[in-house]
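Structure, as structure tokens:
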Amino acid sequence: AQSVTQLGSHVSVSEGALVLLRCNYSSSVPPYLFWYVQYPNQGLQLLLKYTSAATLVKGINGFEAEFKKSETSFHLTKPSAHMSDAAEYFCAVRVYGGSQGNLIFGKGTKLSVKP
Amino acid sequence: DSGVTQTPKHLITATGQRVTLRCSPRSGDLSVYWYQQSLDQGLQFLIHYYNGEERAKGNILERFSAQQFPDLHSELNLSSLELGDSALYFCASSEGGDSGENEQFFGPGTRLTVL
């Protein structure tokens with residue numbers, strides 16, 4: 001069975017600092033991994049996805065994530081935080097095969113950006 | 001705007017009542033997924049429909065049911081409501097059924113408050 005663990009429910013960075021949000025996964029099959037962002041009172045928006053084409057995945061808004069099989073990790077990074085990055089971020093693994101297709105989400109990490 | 005619409009945006013009701021949440025997927029998407037987001041449980045998969053047929057069930061209570069109609073819109077029915085059912089309910093749509101790569105596009109959600 002697949003699962004996702006996000007380390008740190010809250011992360012605070014200063015504007016211009018590196019953003020690092022951690023995600024570890026567990027999967028018995030090659031995983032499809034996703035990062036979603038949720039702004040207050042809004043739905044989830046896809047930031048980026050890993051589908052085995054390349055281990056370093058670039059997404060929207062300057063975010064990227066690196067798939068590391070040996071570490072079962074898919075951490076999200078952004079070199080320089082912006083105030084508009086303040087939101088909640090969810091890592092997810094896709095269940096697939098048979099009739100499955102749903103996402104399993106981590107508990108989320110709330111990112112605060114200080115001026 | 002993801003192209004997925006959900007109505008109503010907010011719903012306030014009393015314990016023991018029944019409500020219906022509606023979702024219209026993106027044009028051309030055959031799959032609809034329902035998720036529940038609550039403070040204690042996080043984002044949890046409820047049920048998946050593909051082209052009118054139920055494909056998978058997650059942590060969905062027996063008091064909850066769903067269906068997908070021939071025009072592909074979906075409804076989630078919640079009955080005998082309890083205080084603990086208060087949550088944000090999201091629907092997501094994707095092109096295919098269980099392909100791991102397909103992105104799921106999320107609607108803005110319906111916030112249910114049970115008093």
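Read the figures in this text as sums done on the coordinates, not as results from a lab. Everything numeric in this text was worked out from a predicted model, so none of it was measured. So basically every Cβ, Gly included, is an ideal-geometry build from the backbone, and we count neighbours across all protein chains shown.
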Over the Cα atoms of chain A, what Rg and Dmax result, in angstrom? 13.7, 48
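Counting other C-beta atoms within 10 Å, which of A:V11, A:V29 has the fewest, and how do the rest follow?
Ordered by Cβ neighbours within 10 Å, fewest first: A:V29, A:V11.
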Output needed for segment B:47-115: three equivalent-ellipsoid semi-axes, defined as square roots of 5 times the C-alpha gyration tensor eigenvalues, in descending order, whole Å. 23, 14, 11
For labels at B:S27 and A:K107 in the simple 7 Å Cα→Cβ model, what's the distance in nm? 4.2 nm
Can you tell me how much longer the chain between A:T55 and A:Q42 gets when fully stretched, taken as 0.36 nm per residue apart minus their C-alpha distance, in nm with one decimal? 1.7 nm
Can you compute the label reach from A:M83? Point 7 Å from Cα along the Cβ direction, backbone N cut-off under 14 Å, restricted to segment A:3-19. A:14-16
How long are the three semi-axes of the equivalent ellipsoid for segment A:47-112, computed from the Cα gyration tensor as the root of 5 times each eigenvalue, in whole Å, largest first? 23, 15, 11
Hey, could you grab the Kirkwood Rh for segment A:31-83? Inverse mean 1/r over distinct alpha carbon pairs, Å, one decimal. 11.9 Å
Expressed in angstrom and ordered largest first, the alpha-carbon extents of chain B along the principal axes are 38, 27, 27
Where does each of A:D85, B:D1 land when they are ranked from fewest to most other beta-carbon atoms within 10 angstrom? B:D1, A:D85
Work out the FRET efficiency for B:E54 and B:L83 from their Cβ-Cβ distance, taking R0 = 25 Å, and round it to the nearest 0.05. 0.35
In debye, nearest 20, what is the charge dipole magnitude of chain A about its Cα centre with +1 on Lys and Arg Cβ and -1 on Asp and Glu Cβ, if you could check? 140 debye
If R₀ is 41 angstrom, what is the calculated FRET efficiency for the pair A:T72 and B:R18, using the beta carbon separation as r and rounding to 0.05? 0.45
Could you point to the residue in B:S93, A:G8, B:T13 farthest towards the positive end of the protein assembly as shown's charge dipole, with +1 and -1 charges on the Cβ of Lys/Arg and Asp/Glu respectively? A:G8
In units of 2.2 N^0.38 Å, the Cα radius of gyration of the protein assembly as shown is 1.01
